[in-house]
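One structure is given below, encoded as structure tokens.
The values are calculated or read from the model by the stated rules, or taken from the named source; none is laboratory data. Please read these numbers as outputs of a predicted model, since none were measured by experiment. Reconstructed Cβ throughout: ideal geometry from the backbone, glycine too, with neighbour counts over all protein chains shown.
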Amino acid sequence: MKKALIAAAAASALAGGCVSVEMNSGPAGSTTQATRAVVAPFMEMFCTRGQVRAAFMRYMAEDYIQHNPNALDGRDAAIAHLEAFAAANPERTCEVQRLIVDGNLAAAHVRAMLKPGERPLAIVDIFRVENGRIAEHWDVVQPTPEASANPHPMF
Amino acid sequence: MKKLLAAAAAALSLAACVSIEANEAPAAAAPSQTEVTRGIVTPFSDLFCNQGKVREAFMTHVAPGYIQHNPVAADGRDTAIAALEGFRAASPQMTCEVKRIIVDGNLAAVHSHVKPTPEHRGFAVVDILRVENGMIVEHWDVIQPVPETSRNNNTMF
């Protein structure tokens, strides 16, 4: 009788009666993973592949809060602004240099070129993710200068 | 009888569960790379930016051979200290406020607002730092003047 009970208990434990908690991916770790799972594909679609509308419709919240001083709040305003921008710069390039993800925030360091032959722009986009969508955006944008005091690119 | 068995099995399985985890959990988990990086970049940013203590921040947390990607500065910690102390000396009312820090593995992004004087709109800055062997070894940044007008009411921060 006892043997059967112990065997049943062991089987039940192995079958997932236990919830195992990984030491380094408790609540903070899983939020970071969830944020990365939104921001990485968003940047691939929007930046690398230049698919503005698809990227925004899929990954941005409708009432997205905008901190870029040249843009209005909201996803639809961002799409309109960026589609116009894309149309004016059909040969633009956008390359993510590094992506830093931490809890519900992410920073993307980007090298963008509007027109071939022009100096590239250095950009950091910061995103806050909430309920599986990008809810807030900040950025800092700087044209890269001709000369540098060090032998490294801005990237 | 079956119900009793099921209930007993469930109780035992929970007990077995707890004891399995207790035996497998390490005594103290080593901090992740992200937490190590956070433990360097947070005090560095507070000293350097919020408190304006350039030399102390750099001497404590930055490696001598610090690789510099900011185009107006040469490589190296001492060059950085000289340049940044120079800015502070030229603008004694300068303020710097860390808005958010984002840390991932050996990289961190620090978003801050720098104002040469209280009346100046200031600059939005993101510093990106790479940490190695307990020190900051590489730095990139992007700097933008805060414009006079904005199409939204949210500030750049």
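Would you say A:GLN51 is out of contact with any Leu (no Cβ under 7 Å at 6 or more places or on another chain) and without any contact (Cβ under 8 Å) to a residue 40 or more places away in the chain? Give the steps one after another, and end with the answer.
Details: out of contact with any Leu (no Cβ under 7 Å at 6 or more places or on another chain): yes; without any contact (Cβ under 8 Å) to a residue 40 or more places away in the chain: yes.
For A:GLN51, the condition - out of contact with any Leu (no Cβ under 7 Å at 6 or more places or on another chain) and without any contact (Cβ under 8 Å) to a residue 40 or more places away in the chain - is met.
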Scan (1) in a loop (DSSP other than H, G, I, E, B); (2) touching a Ser or Thr at 6+ places or on another chain (Cβ under 7 Å); (3) buried (at least 17 other Cβ atoms within 10 Å of the Cβ) for the single condition A:ALA71 breaks and write down its number. (2)
State all residues of the range B:49-80 that are more than 17 Å from the chain's Cα centre (by Cα), surrounded by fewer than 19 Cβ atoms within 10 Å (Cβ to Cβ) and of a type in the set (Lys, Arg); if no residue qualifies, say none. B:ARG55
Please go through the range A:113-130 and give me each residue that is of a type outside the set (D, E, K, R) and in contact (Cβ under 8 Å) with a residue 24 or more places away in the chain, ordered by number. A:LEU114, A:PRO116, A:PRO120, A:ALA122, A:PHE127, A:VAL129
Of the residues in the range B:90-107, how many are under 11 Å from the mean Cα position of the chain (by Cα) and free of Cβ contacts under 8 Å to residues at least 24 places away in the same chain? 2
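When the residues of the range B:100-157 are filtered to those that are of a type in the set (Asp, Glu) and within 24 Å of A:ARG98 (Cα to Cα), which remaining residue is farthest from the other protein chains (Cβ to nearest Cβ)? Break it down stepwise before answering.
Of all residues in the range B:100-157, those of a type in the set (Asp, Glu) come to B:104, B:119, B:127, B:132, B:138, B:141, B:148.
Now restrict to residues that are within 24 Å of A:ARG98 (Cα to Cα): B:104, B:127, B:132, B:138, B:141.
Details: B:ASP104: 4, B:ASP127: 9, B:GLU132: 15, B:GLU138: 9, B:ASP141: 8 Å.
Step by step, filter the range B:100-157, then rank; the result is B:GLU132.
Table: residues versus (1) more than 10 Å from every other protein chain (Cβ to nearest Cβ); (2) touching a Lys or Arg at 6+ places or on another chain (Cβ under 8 Å).
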| position | (1), (2) |
| --- | --- |
| A:LEU72 | no, yes |
| A:GLU83 | yes, yes |
| A:ALA87 | yes, no |
| A:ARG98 | no, no |
| A:HIS109 | no, yes |
| A:ILE134 | yes, yes |
| A:VAL140 | no, no |
From the list A:ALA37, A:ALA55, exactly one residue is modelled with pLDDT of 95 or more and surrounded by 15 or more Cβ atoms within 10 Å (Cβ to Cβ). Which is it? A:ALA55
The range A:113-130, residues that are in contact with a Lys or Arg (Cβ under 7 Å, 6 or more places away or on another chain) and either outside any loop (DSSP other than H, G, I, E, B) or of a type in the set (A, V, I, L, M, F, W, C) (or both): A:MET113, A:LEU114, A:ALA122
For the range B:58-69, pairs from a residue that is within 11 Å of chain A (Cβ to nearest Cβ) to a residue that is assigned to a helix (DSSP H, G or I) and among the basic types (Lys, Arg), with Cβ under 8 Å and 6 or more apart or across chains, are B:TYR66/B:ARG77
